[in-house]
Every structure is written in structure tokens, then in C-alpha cells.
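Notes follow the structure.
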Amino acid sequence: MPHLDSLAGAVSTPREWVRRRRDWLVGEVGGPARFRVVALLAGVLALDGADKGTVSSAANNLEQAFGVGNTEFGLLVTASTLVGAVATLPVGALTDRVRRTWLLGSSIVLWSLAMLVSGAAQSYDWMLLSRVALGAVTATAGPTVASLTGDFFPAVARARMYGFILGGELLGTGFGFVVSGYLTAHVGWRWGFWWLVIPSAILALLMFRLAEPARGGQSRLQPGQADIRDVSEVADAPVPDGAEEEAAEQAESRDVAGAVHQRSDIEPYRAQILTEDPAKKSLWWAVGYVLRVRTDVVVIVASALGYFYFSGLRTFAVIFAQGHYSVSKTVASSLILIIGLGALAGVYVGGRFADRLMARGVVAARVVVPVVVLFAISPFLAPAFWVTNLWIAVPLLTVGAGLLGAANPPQDAARLDIIHPHLWGRSEGVRTTLRGLLDAAAPLTFGWVSDNWFGGSVRVGASTSHGSGQALSYTFLVFLVVLIAAGGIVAIALHTYPRDVATADASVRNTLGEEAAEGAS
């Protein structure tokens, strides 16, 4: 029976299925060298996401163990994020001056030690102090990942690469919810923190072994490249199946800076064109310059507002699902994983779609996509937070999470387009500081509003109640206005982005020369 033989051939073993998915992903990112870099940078963000997912999955256990409510629990997340925000600016300055791969590797080692201390906490104050220490360590991720992304990948593929890298944060959050949630429920909340030490140690070792790229894009990874250290084989290397489109785009159009450079109707902001290399400028000079770049300020504020909402939602997701939909912690964690897959699809599609639009001549594509999706989120999330029927809520939440995720890769790529390469670390430090401040405020703010406006606190000895879930439902609905505001703010960049790209391009040509400007693309 031939059709049965064909069916048997189509069914692969789990190992074969994993191999095929890996081969597909290698092709999508553009070859083995790119895959390794993307995997490591995504892994860095995954650790941070796993930590936050772990804290959220252990919310009830921590509240009951330490005798606190939603507000105090929110402070645990707020403290870590706030300290990270404060530490990000000096880390951004370091990023522009030292070997970034070693900086990341060292931070990951310290991060794993902080997780050990968190799991050993004997009191609320102990846990709070360990979270403060953890925040100082995680400050490294934002500036270094952004700077390395700019130097490893060409501008034409940057939003798509950011989609894969940011997907690491979502995957980490999902693992935090599921694995830590399972361990918390069956072994104890301490093991929800301790298991993360093993993958972090492996990641630190691999990061120390990663080659440091030249600044300004002179060692950028090309489609088909197999070895991070060697670009000589690229000319003869076959282009992976998933990378033909990018190779064609690169042949047709250099990047958004090249498209702007060729248009006489797009003038740079003359007063902001740099005449000397900013690499040796002071941190405060760099902060002042970055805050004069109009698009950067707009995108930083809009991105920070989006992360503010995501941070509040992520922190109380398990408590909300248990109370509002009347499900167990295990089911709640599984539902969040399903919804997280929607967000994962969103970051992939959002980055890829923005790059495709840009390659087809839409100069402001990396602004257009965030504007559209930020305005489209609320019509999906609002009814999902209101209804209590899971069959209705889960599809709506999945689509809403996908839209929320789709806004980030284009915005992150846009920030690299409009800033001189030797300012990427400090620029990302500014962005991460503001984002961190709002991230830090979100858990405490969501928890306070839930407790004091809608009476949602859960105290020691109490199980998660429907009242707490309903209070969080109202809280999530109220804060949807933040996402609408973010869409309106980023729309301003539709007019400023092309001119800021022209300004950055002119600055690179002035300070590093024409050849460097071509490499920075």
C-alpha cells in the first residue's frame, strides 16, 4: 500500500523532527554563524525572561511564605528592575569601550549566583535584597545585546534578526512559567529558582568563547557564512534556503540608509551631524546627544510604555488566570505558554514583515508596523480580560500577545538605524534606563491598583480567589490606555525617522569615511 508507506515516511522520530526544525531555523537566520550568534543573544534575554516567569509562577507561594500581598509581591519585581535601570547607563558606556562578549559572560556568572541566593531566601527582606543584587547584574543585557546585534548583522536584516533574538525573552518567560511552575507546585518554590543555574552556567561558557565583532560593521555576518571568524568562504558558500530573499534584497538595495541617501527630498538635521568620532565622548555628552535625536526619543518612550504593560501583565498572569478563569496553577501556566507562542510568532512576523516592507521601498516601515499593531491590540485584549470563558479568551489573548510582540523588533532595529554605531551601547543604555524605570513601576503599580482600587489582595493562608482575578481583570483593562498612547506617540516618528536616518548616515560618513558608512549598513 504505497500511500501507507508515504505516510510512514512523513512521520519522523522526535530527534529527526528537532533536526529539521533546527535546519529550518539555520536557513531562516542565514547560516550556521548567524544561528550561533542569534541563539546566544536570545539565550541572554531568555535568562531574564525565565527569571521573571519564575517569580510570577511562584507568586502565590511567595505571598504565602512571606505573608505579603500583591503590592509587596510587586515590589520584588520592581526592586530588581529599578536597580537594573539605574545601572544601565554606566553599563552602556562600558559596552562602547570593552569586549562585549566577556562583559556578558561575566554578568551571566554573577546572575547564576544571584539565583542561588534568591532560592535560599528565608525572609521577605532576604528575597528583596537578592532581587536588588540580581537587578544590578541584568543591566548588562540591553546595551550589549543591541550593540552586538548592530555589529553582527546588516541593517537590511536587522528587524528580522531582532525578532529571533527577542523571541528568546518570550521562550525564557514561557520556560519560567512552565518549568518553574511545575517545580514550585510539586517540589517547592526554591527549586523554581535553583534549576536556572545549570543553563546559565552553560550559556556563560559559550559566551566567553564567542568572537568579538569589529565595531561599525566591518565583520558583519553574511548569508551563508559558516564561521564567525572567517568571511573568506562566503563568496563560494551556498546561500541557505531561508536566506535567498535577504541576499536578493542586499543585491537590490543596500539598506534604509542607502535608500534615504539616494533621495534628495530627505534632508538630515544639519545641527546634529557629527564631525568627530563619538567613541571617546563622555557618557553625559552621549546621553545629551541621544536625547536630541527626535525619533529615538519617540521610539524609546513608546517602547517603554509597551514594556510597562507587558511587565505588569506578566507579573500577575498566573494569579489572574487562576482567579478569573478558575483553573489550577498548572493549567494557568500551560495557558500562558500557549499565549506566549502567539507572542513568539508576533516577534518573528513583525520583524520579517518590517524588513520586507523596507526592502520594497517603504522607508519608514520600521515605524509603520509598530503604529498599526499598537492600535490593534486593545480590541483583542479587552474582551479577553472581560469574559471568563477560556474558549473565547485564549484565542483573543493569543492574537493580542502576537500583536504586542510584533511591535518590538522593528522599533529596536529602527533605533540602530538612527544612531552612530559608536553610540549604540550608550544609546541603548538610555533606552533601557527609561524602559527599566517603567518596568520597575509596572508590577508595583498594577499590584497597588489591584489592591486599592478593586480589592484584589491575596494574603497568607488564602487561596487565589475569583475576587482577586476579577480585580486584576479590571486593572489590565484600565492600563490598556497605555498601549493606545504608545501607538499615538510612535506615530510621530513617521515624519522624523527618514531625516534621522539621513543624519546618522551623514555622521558616519563624516567621522568614519565612506567605506565605513557602507560597512555600517
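The values are calculated or read from the model by the stated rules, or taken from the named source; none is laboratory data. Every value quoted in this text rests on a predicted model; they were computed, and no experiment measured them. In this analysis, Cβ positions are derived from the backbone assuming ideal geometry, glycine residues included, and neighbour counts consider all displayed protein chains. Surface areas here come from the heavy atoms of the whole protein model, side chains and all, with no ligands, DNA or RNA. Shrake-Rupley method; radii C 1.70, N 1.55, O 1.52, S 1.80 Å.
Does Ile300 satisfy being open to solvent by less than 10 Å² (accessible area, probe 1.4 Å) and under 17 Å from Thr388 (Cα atoms)?
No; evaluated as a whole, the condition is false for this residue.
Number of residues in region 265-281 that are of a type outside the set (Asp, Glu) and open to solvent by 60 Å² or more (accessible area, probe 1.4 Å) equals 4. Return the residues of region 359-370 that are assigned to a helix (DSSP H, G or I) and either without any contact (Cβ under 8 Å) to a residue 12 or more places away in the chain or open to solvent by less than 20 Å² (accessible area, probe 1.4 Å) (or both); say none if nothing qualifies. Ala365, Arg366, Val367, Val369, Pro370, listed by residue number. Is it the case, given these coordinates, that Thr388 is open to solvent by 30 Å² or more (accessible area, probe 1.4 Å), in contact (Cβ under 8 Å) with a residue 60 or more places away in the chain, under 19 Å from Val478 (Cα atoms) and more than 18 Å from the chain's Cα centre (by Cα)? So Thr388 fits the description; yes. Within region 158-171, is there a residue that is open to solvent by less than 20 Å² (accessible area, probe 1.4 Å) and more than 20 Å from the chain's Cα centre (by Cα)? Within region 158-171, none of the residues are open to solvent by less than 20 Å² (accessible area, probe 1.4 Å) and more than 20 Å from the chain's Cα centre (by Cα). Within region 126-137, is there a residue that is at pLDDT 85 or above and under 14 Å from Gly84 (Cβ atoms)? Checked against the condition, which is being at pLDDT 85 or above and under 14 Å from Gly84 (Cβ atoms), region 126-137 yields no hits at all. Determine, yes or no, whether Ser326 is open to solvent by less than 10 Å² (accessible area, probe 1.4 Å) and among the polar types (S, T, N, Q). No.
Select, from Gly402, Gly425, Gly429, Gly361, the only residue that is at positive phi and in contact with a helix residue (DSSP H, G or I) (Cβ under 8 Å, 6 or more places away or on another chain). On inspection, the qualifying residue turns out to be Gly361. The residues in region 290-319 that are over 23 Å from the mean Cα position of the chain (by Cα) and under 21 Å from Phe175 (Cβ atoms) can be counted, and the count is 1.
Taking the conditions (1) under 21 Å from Leu313 (Cβ atoms); (2) crowded, with 22+ Cβ neighbours inside 10 Å in turn, Phe375 satisfies each one other than (2). Counting only helices (runs of 4 or more DSSP H) that sit wholly inside region 263-346, those with at least 3 residues that are under 26 Å from Ile489 (Cβ atoms) are 283-290, 294-315.
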